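The values are calculated or read from the model by the stated rules, or taken from the named source; none is laboratory data. The structure presented is a predicted model; accordingly, all values stated were derived computationally and were not measured. Heads up, the Cβs are rebuilt from the backbone with ideal geometry, glycines too, and the neighbour counts pull from every protein chain shown. Side chains included, ligands, DNA and RNA excluded: accessible areas come from the protein's heavy atoms. Shrake-Rupley method; radii C 1.70, N 1.55, O 1.52, S 1.80 Å.
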Amino acid sequence: MKSILRNFVTACVCLVAGGAVAAPNMTGRASVNVTSDTAATAKNMAMAEARRQIVRDVLGQYSDTSQLDLLLKDAPDNDLTYLITSSSIDNEQQSATTYSANITMTLERVAAQNWLNDNGIPNWLGDSASADRTLVFVNLANGLGDWVNLQSIARNDGIEMYTRRISGPQVVVEIPASNRSAFTASVAAGGWRYADMDGTLRLWRQQ
């Protein structure tokens, strides 16, 4: 089965669509509460903690999270700092040794995509759908069988699926936006689960 799936992935032609694009959401928020020997040290530690959490939360929407977690485990703080284009702080509180706040940061998409690519992390930050299509990120946990099942569901409903990219068990497809409701209803009835992700869909099959 692995050999069949590998051949299928190699043979797949990835289609690129033009038109108006919807940018990925690159902003995240983290609440931190850190205690150290001084307030200044606690704040520095809190900012580093928030930065790492936000990078994980934001990029985890558009990449393989298991590989991202491994990368973040050993990633230097300076590498992550270069990914941030803006930040803000609210509800800031501190004592002689403690710092807490709600921190919001926005990542620079191209820098984040280059960082993931340079470290060999499959990602879809470069993918966007035209205005009349919905982008769908599919996790094929059960390999080729899941892919055949999903294609069968779409075909039975007369819904066109346009393959954009395949990377291991992750597939990116497009469907007509007008068929979104019918598609989600059909996949749910077929044992799949889905989640809305800022207008795109994340799809995986129940075990």
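Between a first residue in region 176-200 that is of a type in the set (Lys, Arg) and a second residue that is modelled with pLDDT of 90 or more, which pairs have beta carbons less than 7 Å apart while being 6 or more apart in sequence or on different chains?
So the pair list comes out as Arg193/Trp204.
Sort through Leu71, Leu83, Leu107, Leu59 and tell me the only one that's closer than 25 Å to Val172 by Cβ and touching a Phe, Trp or Tyr at 6+ places or on another chain (Cβ under 8 Å).
Answer to the selection: Leu83.
Within region 133-163, work out how many residues are polar (S, T, N, Q) and more than 18 Å from Thr200 (Cα to Cα).
Within region 133-163, the subset polar (S, T, N, Q) is 134, 139, 142, 149, 151-152, 156, 163.
When the remaining residues are screened for being more than 18 Å from Thr200 (Cα to Cα), the result is 142, 149, 151-152, 156.
Within region 133-163, residues that are polar (S, T, N, Q) and more than 18 Å from Thr200 (Cα to Cα) number 5.
Are any residues in region 97-113 farther than 14 Å from Asn44 by Cα and either assigned to a loop (DSSP other than H, G, I, E, B) or open to solvent by 40 Å² or more (accessible area, probe 1.4 Å) (or both), and if so, which ones?
Answer for region 97-113, where residues must be farther than 14 Å from Asn44 by Cα and either assigned to a loop (DSSP other than H, G, I, E, B) or open to solvent by 40 Å² or more (accessible area, probe 1.4 Å) (or both): Glu108, Arg109, Val110.
Just to check your reading of the model, which residue among Leu70, Leu80 is of a type in the set (A, V, I, L, M, F, W, C) and surrounded by fewer than 14 Cβ atoms within 10 Å (Cβ to Cβ)? Before you say what the answer is, go through the steps one by one.
Numbers: Leu80 fails: surrounded by fewer than 14 Cβ atoms within 10 Å (Cβ to Cβ).
So the residue among Leu70, Leu80 that is of a type in the set (A, V, I, L, M, F, W, C) and surrounded by fewer than 14 Cβ atoms within 10 Å (Cβ to Cβ) is Leu70.
Hey, can you tell me all the residues within region 145-165 that are open to solvent by less than 60 Å² (accessible area, probe 1.4 Å) and in contact with a Ser or Thr (Cβ under 9 Å, 6 or more places away or on another chain)?
Once the filter is applied, which keeps residues that are open to solvent by less than 60 Å² (accessible area, probe 1.4 Å) and in contact with a Ser or Thr (Cβ under 9 Å, 6 or more places away or on another chain), region 145-165 yields Ile153, Ala154, Ile159.
Go through Ile121, Ile166, Ile153, Ile175 for me and flag whichever is part of a loop (DSSP other than H, G, I, E, B) and either farther than 20 Å from Gln61 by Cα or among the β-branched types (Val, Ile, Thr) (or both). I'd like the intermediate steps shown before the answer.
On the way: Ile166 fails: part of a loop (DSSP other than H, G, I, E, B); Ile153 fails: part of a loop (DSSP other than H, G, I, E, B); Ile175 fails: part of a loop (DSSP other than H, G, I, E, B).
Within the list Ile121, Ile166, Ile153, Ile175, the selection yields Ile121.
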